[in-house]
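Trainee: Below is one structure. I have some questions about it.
The values are calculated or read from the model by the stated rules, or taken from the named source; none is laboratory data. Remember, predicted model here, so these are calculated numbers, not experimental data. Virtual Cβ from ideal backbone geometry, glycine too; neighbours counted across all protein chains shown.
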């Protein structure tokens, strides 16, 4: 099945730095979502951006969407050790019977 | 507290054995999902159900079965036909509002083969 593609696969930064993760996709979308997964845990929804939106903020998170390039980015500013987790993008293709199409994830390590 | 619960946290399966993973939600969500997660492969959809007494195969349904007799419950059975069942299994639910779909996940069950 079609999947979102994320890069980088892994990212290691120091506390206080910004972290940027990218997601590319192939289909038209209704919205694109970002989720976070701590090791060995379930996923938690972070933010949703609709196809007619270009940028969205939530606390230290900033998401952009470029539908012409079929890509999105997630920026975490002023990172903390507690941000260490895997981050997944998920694509809501409105014609896909309410199934989300998942990326493979970016593993973020924030070093104290 | 509203949420999704999965049990057990760890499950061991012997060769030729069927095992059932539990998923319960009290969010009053219509849709429920089962995913399998292997290292480096993200989430793969096994089965999903949009309403009680109805469910559809996902991308990797072979060797798995589900039922949806109650809105709150969506158990997954890993049958002996699934030859490589070792993975992390995640259950999720959703109730789209305004046409938008976000999923709420349980804590997961890790299945290991003895």
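Trainee: Hey, does segment B:24-34 have a residue that's closer than 22 Å to residue A:37 by Cα, modelled with pLDDT of 95 or more, surrounded by fewer than 16 Cβ atoms within 10 Å (Cβ to Cβ) and within 14 Å of chain A (Cβ to nearest Cβ)?
Mentor: Looking through segment B:24-34, none of the residues is closer than 22 Å to residue A:37 by Cα, modelled with pLDDT of 95 or more, surrounded by fewer than 16 Cβ atoms within 10 Å (Cβ to Cβ) and within 14 Å of chain A (Cβ to nearest Cβ).
Trainee: Considering only segment B:52-62, how many residues are touching a residue at least 12 places away in the same chain (Cβ under 8 Å), outside any loop (DSSP other than H, G, I, E, B) and either within 11 Å of chain A (Cβ to nearest Cβ) or on the phi > 0 side of the Ramachandran plot (or both)?
Mentor: Step one: list which residues in segment B:52-62 are touching a residue at least 12 places away in the same chain (Cβ under 8 Å), which gives B:52-55, B:58-62.
Restricting the remaining residues to those that are outside any loop (DSSP other than H, G, I, E, B) gives B:54-55.
From what is left, the residues that are either within 11 Å of chain A (Cβ to nearest Cβ) or on the phi > 0 side of the Ramachandran plot (or both) are none.
Qualifying residue count for the region: 0.
Trainee: For segment A:97-107, indicate whether the set of residues that are crowded, with 16+ Cβ neighbours inside 10 Å and free of Cβ contacts under 8 Å to residues at least 60 places away in the same chain is non-empty. Outline the logic, then answer.
Mentor: Going residue by residue through segment A:97-107, those that are crowded, with 16+ Cβ neighbours inside 10 Å are A:98-107.
Going one step further and asking which of them are free of Cβ contacts under 8 Å to residues at least 60 places away in the same chain, we end up with A:98-99.
Within segment A:97-107 (the criterion being crowded, with 16+ Cβ neighbours inside 10 Å and free of Cβ contacts under 8 Å to residues at least 60 places away in the same chain), the answer is yes, since at least one residue qualifies.
Trainee: While we're on this one: Residues of segment A:11-53 being within 30 Å of residue B:7 (Cα to Cα), touching a residue at least 12 places away in the same chain (Cβ under 8 Å) and over 13 Å from the mean Cα position of the chain (by Cα), which ones?
Mentor: A:38, A:39
Trainee: Taking segment A:20-31 as the search range and keeping residues that are modelled with pLDDT of 95 or more and crowded, with 21+ Cβ neighbours inside 10 Å, which one is farthest from residue A:90 (Cα to Cα)?
Mentor: For segment A:20-31, the residue satisfying everything is A:21.
Trainee: Would you confirm whether any residue within segment B:7-22 is more than 15 Å from the chain's Cα centre (by Cα), surrounded by 12 or more Cβ atoms within 10 Å (Cβ to Cβ) and within 20 Å of residue A:86 (Cβ to Cβ)?
Mentor: Checking segment B:7-22: not a single residue is more than 15 Å from the chain's Cα centre (by Cα), surrounded by 12 or more Cβ atoms within 10 Å (Cβ to Cβ) and within 20 Å of residue A:86 (Cβ to Cβ).
Trainee: Testing residue B:37 on (1) at pLDDT 95 or above; (2) closer than 19 Å to residue B:112 by Cα; (3) more than 14 Å from chain A (Cβ to nearest Cβ), one condition comes back false. Which one is that?
Mentor: All conditions are met except number (3).
Trainee: Looking only at segment B:63-114, filter to residues that are surrounded by fewer than 17 Cβ atoms within 10 Å (Cβ to Cβ) and within 8 Å of chain A (Cβ to nearest Cβ); which one of those is modelled with the lowest pLDDT?
Mentor: Of everything passing the filter in segment B:63-114, B:99 is modelled with the lowest pLDDT.
Trainee: Test residue A:51 against the criterion of being more than 10 Å from chain B (Cβ to nearest Cβ), out of contact with any helix residue (DSSP H, G or I) (no Cβ under 7 Å at 6 or more places or on another chain) and under 22 Å from residue B:34 (Cβ atoms), and give yes or no. It would help to see each step written out before you state the result.
Mentor: Numbers: more than 10 Å from chain B (Cβ to nearest Cβ): yes; out of contact with any helix residue (DSSP H, G or I) (no Cβ under 7 Å at 6 or more places or on another chain): yes; under 22 Å from residue B:34 (Cβ atoms): no.
No, not satisfied.
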